[in-house]
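Since the structure comes first, as structure tokens, the remarks are kept for the end.
The values are calculated or read from the model by the stated rules, or taken from the named source; none is laboratory data. Everything numeric in this text was worked out from a predicted model, so none of it was measured. Note that we place each Cβ from the backbone using ideal geometry, even for glycine, and neighbour counts take in every protein chain shown. We work out accessible area using only protein heavy atoms, side chains counted, and drop any ligands, DNA or RNA first. Shrake-Rupley method; radii C 1.70, N 1.55, O 1.52, S 1.80 Å.
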Amino acid sequence: LCAAVPLKDMKLLDVKLGQLPTWLAMLDFTPGGIVGALRRGYDRYYNKYINVKKGGLGGISMVLAGYVVVSYIWSYSHLKHDRHRKYH
């Protein structure tokens, strides 16, 4: 059987709802810890979608879709303002 994994080393999807506050309290919220978490996330994404032997458009299309969503959010206030403007 598998040995029990310490709560600190568990992934978010493996944490039960009752353990969530304790798991969040164990995270490293220092600038170095946040940078490390971002780097690990980028490395996982890169190795799963970009750095593969037989690649597809999945990883690049997700980056493009994310760019479209973020650019829409950034320009939403301008678009909302133009929508209510009368052109006469």
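Mind checking which residues of segment 28-60 are surrounded by 10 or more Cβ atoms within 10 Å (Cβ to Cβ) and among the small types (Gly, Ala, Ser)?
Gly33, Gly36, Ala37, Gly41, Gly55, Gly58, Gly59, listed by residue number.
Name the residues in segment 17-63 that are modelled with pLDDT of 90 or more and of a type in the set (Asp, Glu), would you?
Correct list: Asp43 only.
Inside segment 15-27, can you point out the residues that are open to solvent by 90 Å² or more (accessible area, probe 1.4 Å) and assigned to a helix (DSSP H, G or I)?
Matches in segment 15-27: Leu17 only.
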